[in-house]
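**Student:** Quick one: structure below, then a few questions.
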Amino acid sequence: MRRPIVVGNWKMFTSLTDALVLSTGVRDGVEEFSGLEVILCPPAIWLTEISGVVHKSAQNIALGAQNINYLSEGEYTGEISGNMVRDVAKYAIVGHSERRKYFAETNDIISRKVAAAIDAGLSPIVCVGEKKRSDDSIKEIVSELEDSLADIKKGEYKDIIIAYEPVWAVGADIAADPDYCARVIVKLREVVDAATPIIYGGDVNASNAYNFVWRPEIDGVLVGRASLKVADFIKICRIVTEYKKIV
Ligand code: PGA
């Protein structure tokens, strides 16, 4: 059975103090949701500090990087590799729409990053989604996923998480229609494995999370803005736990 997942993507927010308060609050708040996998993706600079916080007690929280380079090391000022991240985290978000949009990441670059994450022993959280709102974008999303996974083998599908994130919903005040979302996910599942978790992201908050997670097709959520407030994020984790009937 696939595990239910809630990812918190903090993006380029938080001071060190904020990061410690937020991670401590989440650690204490999600301890009771033992069947849920909570993945916090803070800015890379806080990963080491936060690993000391979350790994103290909670068994169900893991850390992820928001991005990695596809190379393992070298003269690339400012970059961070999967081999570095693996000492403090288990996951890496790859191909987030903000990376695609602001840092010109193509499917080709992303598929290399997915392979690099797996080589480093990390599980990539691979983001895909249509750019414009439409009821007819399933083909576009499926081919984006196929291209983003071009460098990995079928046997590695069990090591990845897919996040379906319509670009127009990320950071906006409108989430995707949950029915459409479930239909997209059924098609994405044909590309990967029955064991690969597929989650939804894009304007998820404590008021709308249940719309997505009561559906068996949707294994969890990727949360941006609402992951920056302890109470909201814990509410979302509680909702996923309740709707997936796990304790
Ligand atoms: P949001 O961000 O929840 O603020 O829309 C989602 C994301 O990071 O993909």
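Bear in mind that the values in this text are calculations on the coordinates, not laboratory data. Since this is a predicted model, take the numbers as computed values, not measurements. Cβ: placed from backbone, ideal geometry, glycine included. Neighbour counts: every protein chain shown.
**Student:** Out of residues 5 or more away from N69 or on other chains, whose amide H comes under 5 Å of its own, with H placed 1.01 Å from N in the peptide plane?
**Tutor:** HN-HN under 5 Å from N69: I80, S81, G82.
**Student:** Quick one: dipole size for segment 70-144, taken about the Cα centre, charges +1 on Lys/Arg Cβ and -1 on Asp/Glu Cβ, in debye to the nearest 20. If you can, show how the numbers build up before the last one.
**Tutor:** Details: 11 positive and 13 negative charges, 43 e Å.
Its charge dipole is roughly 200 debye.
**Student:** Continuing with the same structure: Which shape class applies to segment 1-44: rounded if a/c is under 1.5, otherwise prolate when a/b exceeds b/c and oblate if not, where a ≥ b ≥ c are the square roots of the Cα gyration tensor eigenvalues? Intermediate values should be presented prior to the final figure.
**Tutor:** Values: a/c = 4.38, a/b = 1.64, b/c = 2.67.
Oblate, since a/c reaches 1.5 and b/c is not below a/b.
**Student:** If I model a spin label as a point 7 Å beyond the Cα along the Cα-Cβ vector, how far apart are those points for K90 and T106 in nm?
**Tutor:** With each label placed 7 Å out from Cα toward Cβ, I get 3.5 nm.
**Student:** Taking amide H atoms as placed 1.01 Å from N in the peptide plane, list the residues 5 or more away in sequence, or in a different chain, whose amide H sits under 5 Å from that of V94.
**Tutor:** Counting only residues 5 or more places away or on other chains, the set is I125, V126, C127.
**Student:** I need the calculated FRET efficiency for the pair E146 and E31, taking r as the beta carbon distance and R₀ as 45 Å, to the nearest 0.05. Mind dumping the intermediate values first?
**Tutor:** On the way: r = 39 Å, r/R0 = 0.86.
E between E146 and E31, to the nearest 0.05, is 0.70.
**Student:** So if I take the centroid of the Cα atoms in segment 131-153 and the same for segment 188-247, what is the distance between those two points in Å?
**Tutor:** Computed from Cα coordinates, the inter-centre distance equals 20 Å.
**Student:** Please work out how much length the chain gains when fully extended from E79 to Q59, using 0.36 nm per residue of separation minus the C-alpha to C-alpha distance, in nm with one decimal.
**Tutor:** Stretched fully, the E79-Q59 segment lengthens by 4.2 nm.
**Student:** Per the Debye formula with a single identical scatterer at each Cα and no solvent contribution, what log10 I(q)/I(0) holds for segment 32-135 at q = 0.19, 0.20 Å⁻¹?
**Tutor:** -0.94, -1.01
**Student:** Same structure again: Toward the positive end of the charge dipole of the chain, about the Cα centre and with charges on Cβ (Lys, Arg +1; Asp, Glu -1), which of L122, L63, S111 goes farthest?
**Tutor:** The one lying farthest along the dipole's positive direction is L63.
**Student:** Past 23 Å, Cα to Cα, is the threshold; run K90/K187; K11/K235; K90/K131; K90/K132; K90/K153; K132/K187 against it and keep the listed order.
**Tutor:** Values: K90/K187 27 Å; K11/K235 20 Å; K90/K131 29 Å; K90/K132 32 Å; K90/K153 20 Å; K132/K187 18 Å.
From K90/K187; K11/K235; K90/K131; K90/K132; K90/K153; K132/K187, over 23 Å: K90/K187; K90/K131; K90/K132.
**Student:** Right, something else. Between K139 and K158, how many nm apart are label points set 7 Å from Cα along the C-beta direction?
**Tutor:** Here the answer is 3.4 nm between the modelled labels.
**Student:** By average Cβ neighbour count within 10 Å, what is the ranking of 118-126, 207-215 from highest down? Display every interim value, and only then the final one.
**Tutor:** On the way: 118-126: 21.7, 207-215: 18.7.
Packing order, densest peptide first, comes out as 118-126, 207-215.
**Student:** Which trypsin sites (Lys or Arg not before Pro) in segment 130-173 pass both tests, a DSSP loop state and at most 15 other beta-carbon atoms within 10 Å?
**Tutor:** Working: sites: K131, K132, R133, K139, K153, K154, K158; in loops: K131, K132, R133, K153.
In loop regions of segment 130-173 (DSSP not H, G, I, E or B), the sparsely surrounded trypsin sites (Lys or Arg not before Pro) are K131, K132, R133, K153.
**Student:** Nothing charged except the Cβ atoms of Lys and Arg (+1) and of Asp and Glu (-1): what's the magnitude of the dipole of segment 191-247 about its Cα centre? Round to the nearest 20 debye. Each step should come with its number before you reach the end.
**Tutor:** Values: 7 positive and 6 negative charges, 51 e Å.
That gives segment 191-247 a dipole magnitude of about 240 debye.
**Student:** Round to the nearest 0.05 the FRET efficiency obtained for S15 and E190 when R0 = 41 Å and r is the Cβ-Cβ distance.
**Tutor:** Numbers: r = 43 Å, r/R0 = 1.06.
Efficiency computed from Cβ-Cβ geometry: 0.40.
**Student:** Now for a separate question. Determine the calculated [θ] at 222 nm for the chain from helices alone, applying -39500 (n - 2.57) to every DSSP H run no shorter than 4 residues and normalising by the residue count; nearest 500 deg cm²/dmol. Intermediate values should be presented prior to the final figure.
**Tutor:** Details: 9 runs with 90 residues, N = 247.
Result for the chain: -10500 deg cm²/dmol, rounded to the nearest 500.
**Student:** Considering the options C237, F212, A226, tell which one lies farthest towards the positive end of the dipole of segment 125-247, charges being +1 on Lys and Arg and -1 on Asp and Glu at the Cβ, about the Cα centre.
**Tutor:** C237
**Student:** Another question, if that's okay. Suppose each label sits 7 Å from its Cα in the direction of the beta carbon; what would the N208-L71 distance come out to in nanometres?
**Tutor:** The answer from the label model is 4.0 nm.
**Student:** Here's something else I'd like to know. Could you state the number of Å between the C-alpha centres of segment 25-72 and segment 78-130?
**Tutor:** Result: 16 Å between the Cα centres.
**Student:** With a bin width of 5 angstrom, please list the P(r) values of the chain as percents of all Cα-Cα pairs, from the 0 bin to the one holding the largest distance.
**Tutor:** That works out to 1, 7, 15, 20, 22, 18, 12, 5, 1, 0, in percent per bin.
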